[in-house]
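Notes for the one structure printed next.
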Amino acid sequence: SIIDVTYKIGILKWLNFKNNLLLMFKGMKYDNFITFVDFSANIDIDNYIQHILDRSPRKPPHCDFNFLKKEYQLLYNKQADYKYVCNGHDFTYITMMAFHSEFSRDKNITQEKVESHLRIAYSATAFQRTNIYNELSGLIDSHNI
């Protein structure tokens, strides 16, 4: 599913953050490692890791494919909560890719449209009832922001 693929993308981003690896994710080409069968998204983890390595000139010398693959699997095996690993922009981009697949009639949808539709579908009142809203509000209040 799109959530599963988004989660798997997030694992490498988490690994990058955790180990300060200076990997370059901005502008990555999702279609180099994500494919669709109907509306079901699939990710080739090896291609994903290699794609990120190829575009990361500032990575440390020890940060090669084998290192990333091993560390990736260790983090993945922790089965962290999806809420803390998935990135919303990755999710909306992959959702847009699904609409661009051969199985969709609406091929003109953009990532911005996907994000807009999601915002419209989720009211401010509903958001204010969520744990994330309460946690963010508490954090903002505690820092006088």
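The values are calculated or read from the model by the stated rules, or taken from the named source; none is laboratory data. As the structure is a computational prediction, the values presented were derived from the model and not from experiment. Note: ideal-geometry Cβ built from the backbone for every residue, glycine included; neighbour counts use all protein chains shown.
Could you tell me which of the residues Asp4, Asp44, Asp64 is more than 27 Å from Ile132 (Cα to Cα), acidic (Asp, Glu) and out of contact with any Phe, Trp or Tyr (no Cβ under 8 Å at 6 or more places or on another chain)?
Asp64
Just wondering, is there one or more residues in the stretch 79-91 that are of a type in the set (A, V, I, L, M, F, W, C) and at pLDDT 95 or above? Let's see the steps before the verdict.
Within the stretch 79-91, the first condition is being of a type in the set (A, V, I, L, M, F, W, C), and the residues that meet it are 80, 85-86, 91.
Now restrict to residues that are at pLDDT 95 or above: none.
Within the stretch 79-91, none of the residues are of a type in the set (A, V, I, L, M, F, W, C) and at pLDDT 95 or above.
I want to confirm something. Restricting to the stretch 96-126 and keeping residues that are modelled with pLDDT of 75 or more and more than 21 Å from the chain's Cα centre (by Cα), which single residue is farthest from Thr6 (Cα to Cα)?
Thr125
In this structure, does Ile9 turn out to be at pLDDT 95 or above, touching a Cys at 6+ places or on another chain (Cβ under 9 Å), surrounded by 13 or more Cβ atoms within 10 Å (Cβ to Cβ) and not assigned by TED's automatic domain parsing to the domain that holds Ile132?
Values: at pLDDT 95 or above: yes; touching a Cys at 6+ places or on another chain (Cβ under 9 Å): yes; surrounded by 13 or more Cβ atoms within 10 Å (Cβ to Cβ): yes; not assigned by TED's automatic domain parsing to the domain that holds Ile132: yes.
Answer is yes for this residue.
Restricting the search to the stretch 21-68, which residues are touching a residue at least 40 places away in the same chain (Cβ under 8 Å) and under 15 Å from the mean Cα position of the chain (by Cα)?
Leu23, Tyr30, Asp31, Ile34, Ala41, Tyr48, Ile52 - these are the residues of the stretch 21-68 that are touching a residue at least 40 places away in the same chain (Cβ under 8 Å) and under 15 Å from the mean Cα position of the chain (by Cα).
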